[in-house]
1. To the nearest 20 Debye, how big is the dipole of the chain about its Cα centre, given +1 on the beta carbon of each Lys and Arg and -1 on that of each Asp and Glu?
2. Only Cα pairs within less than 10 Å get springs; with that Gaussian network setup on the chain, which residue of D33, D115, D139 has the largest fluctuation?
3. Could you compute the net charge surrounding C34? Neighbours are other residues with a C-beta less than 13 Å from the C-beta of C34; K and R count +1, D and E count -1.
4. Considering only the other residues whose Cβ falls under 14 Å of the Cβ of L135, what net charge follows from Lys and Arg at +1 and Asp and Glu at -1?
5. Excluding T121 itself, calculate the net charge of residues whose Cβ lies under 15 Å from the Cβ of T121, where each Lys or Arg counts +1 and each Asp or Glu counts -1.
6. Whose amide H sits under 5 Å from the amide H of V147, counting only residues 5 or more places off or on another chain, with H placed in the peptide plane?
7. 222 nm [θ] for the chain, helices only, -39500 (n - 2.57) per DSSP H run of 4+, per residue, to 500?
8. Relative contact order for the chain: what percent, with Cα pairs under 8 Å and sequence separation of 6 or more?
Amino acid sequence: MKQLLIISGKGGTGKTTLTVSFAALGDNLILADCDVDAADLRLVLKPEVLERHDFYSGKIAEINQARCKRCLQCVKNCNFQAIEINIELAEVRLNLVDGPPEIGCPVISSFSGTDLALIVTEPTISGLHDLKRILKLADNFQIASMVCI
């Protein structure tokens, strides 16, 4: 499973629009809106809620190696794609993450599990300044980056 994080150094640059556009082009995608202050991806896509579950954290699951048959059903059936096996499956999944703006804690958290960051910017002096800051942050976490102007 690959993860594309769409971020920018400031709000209003078109991150959500770009995320929705990619979502319209792809199949078998998982979408996440990590903009904690303005999570508006659901407003554009109007998804149908199929299930709701309580969220619990703090426990780490382990595979019981003695009972594991290596059938990979756990990987295929995990609703959270939380199981990673070091062999290739026929099915390729892509996580699209509509990230938060700027370079604060929410952005740092959204880098977790990211394979590629697409940084959206505008052709202004301010946009260039913000772009340099977010590129430096991505480089600090050794995340490959591309820029969309």
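1. That gives a dipole near 360 debye.
2. D139
3. Within the 13 Å Cβ shell, the charges total -4.
4. With Lys, Arg at +1 and Asp, Glu at -1, the net is +1.
5. +2
6. Answer set, sorted by chain and number: I119.
7. -8000 deg cm²/dmol
8. Normalised by residue count, the contact order of the chain is 44 percent.
Read-outs: derived from the displayed coordinates by stated rules, not from any lab. Keep in mind that this is a model prediction, so the values were computed, not measured. Glycine gets a Cβ as well: all are built from the backbone with ideal geometry, and neighbour counts include every protein chain shown.
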